[in-house]
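Some notes on the structure that comes next.
No value in this document is a laboratory result; all are computed from the given coordinates. Just so we're clear, the structure is a prediction, and the values are computed from it rather than from any experiment. When we count neighbours, we look across all protein chains shown, and the Cβ atoms used for this are built from the backbone with ideal geometry, even at glycine.
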């Protein structure tokens, strides 16, 4: 156990609703990390103000504790209920927008969701990431370029989607390995072509505490038809995004706030018989095409700092922005 070195602190006695916040901040202000000190000072301030503003009752406080306990207890290696909670509260969307800002013309990001895994297999161009019988066949053809329009070679693209029943492979108790997910790398033209299935709408897991919360809030648990993508290459800001099908019944009421207009596309059909033959598909099988645009680390960093400074100014917060993250202003 590390040695505790006493520091000058106010006497922690006779605390009440008027002085508990400032004293808690002082006690938490002993970390050598200026960022951690700042984060916890703001967390305590907003958390205490929330309790004061709502006049939080003891029963409500205990209900919240029990709810968060249940969220943790249902989490596993294949189910992340806390990410799901973050998603339905809109926090995931907010954090992504702040941390991965996009200049005009770059592809918008969206939520990662709770079903990404790290065991996806690598596939070659033209292969199928889905096993037989998982749904209606679809050919996916995408390009990856930078903001200057130049193709980017060697981008590792992680793709995942549900089967036609609206279930991810991790939702099956007898899962033997990854399915309807895979990783491909872009060629010298920045292209990736693979076979998958037509995306379908589905409900997020609603048999747990988050599902019960949605029910109490009068909300539905459905997500519109989509396919997930995650782009990785050194020197470029990581892009996590999805493609959505236009006209889906849940296009405007996504349970996790992931849909953005620029990511909605029209589902096509294969018309070229030679293209269909090349990929062992049929004319009139589905075709998904999209042009992705990545931003460099430097572009993202510059924009992140600019956005942070502007946001703090609007909020009337006096802070010093370091690497895009605010800390207490130096004396």
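Here are the numbers:
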| quantity | calculated |
| --- | --- |
| GNM flexibility winner over the chain from 158, 207, 119 (Cα, springs under 10 Å) | 207 |
| Rounded Å value of the spacing that divides the Cα centres of the range 157-205 and the range 240-309 | 14 Å |
| Between the range 99-134 and the range 16-75, the Cα center-to-center distance that results, in Å | 35 Å |
| Cα long-axis angle, helix 58-74 against the chain (0 to 90 degrees, to the nearest 10) | 40 degrees |
| Inter-label distance for residue 141 and residue 76, nm, one decimal - labels placed 7 Å from Cα along Cα-to-Cβ | 4.1 nm |
| GNM top mover of 94, 320, 56 - the chain, alpha-carbon springs below 10 Å | 56 |
| Choice from 321, 27, 95 with maximal GNM fluctuation in the chain (Cα, 10 Å cutoff) | 27 |
| Cα gyration tensor shape of the range 71-127, rounded if a/c is under 1.5, else prolate or oblate by comparing a/b with b/c | oblate |
| Antiparallel DSSP beta bridges within the range 82-295, as percent of all bridges there, nearest 5 | 70 percent |
| Mean separation of Cα contacts under 8 Å (6+ apart) over length of the range 269-318, as relative contact order % | 25 percent |
| Cα convex hull volume per residue for the range 248-331 (Å³) | 168 Å³ |
| Cβ-based exposure ranking for 75, 130, in which fewest neighbours within 10 Å come first | 75, 130 |
| Spacing of the two label points (7 Å from each Cα toward its C-beta) at residue 13 and residue 156, in nm | 5.9 nm |
| Expected 222 nm ellipticity per residue - DSSP helices of 4 or more, -39500 (n - 2.57), all of the chain, to 500 | -9000 deg cm²/dmol |
| Contour minus Cα-Cα distance for residue 297 and residue 284 (0.36 nm per residue) | 0.7 nm |
| Degrees, to the nearest 10: 297-315 long Cα axis against longest axis of the chain | 40 degrees |
| Label selected from [x] 34, 21, 19; [y] 43, 25, 17; [z] 65, 22, 16, the criterion being semi-axes √(5λ) of the Cα gyration tensor in Å as computed here | [y] |
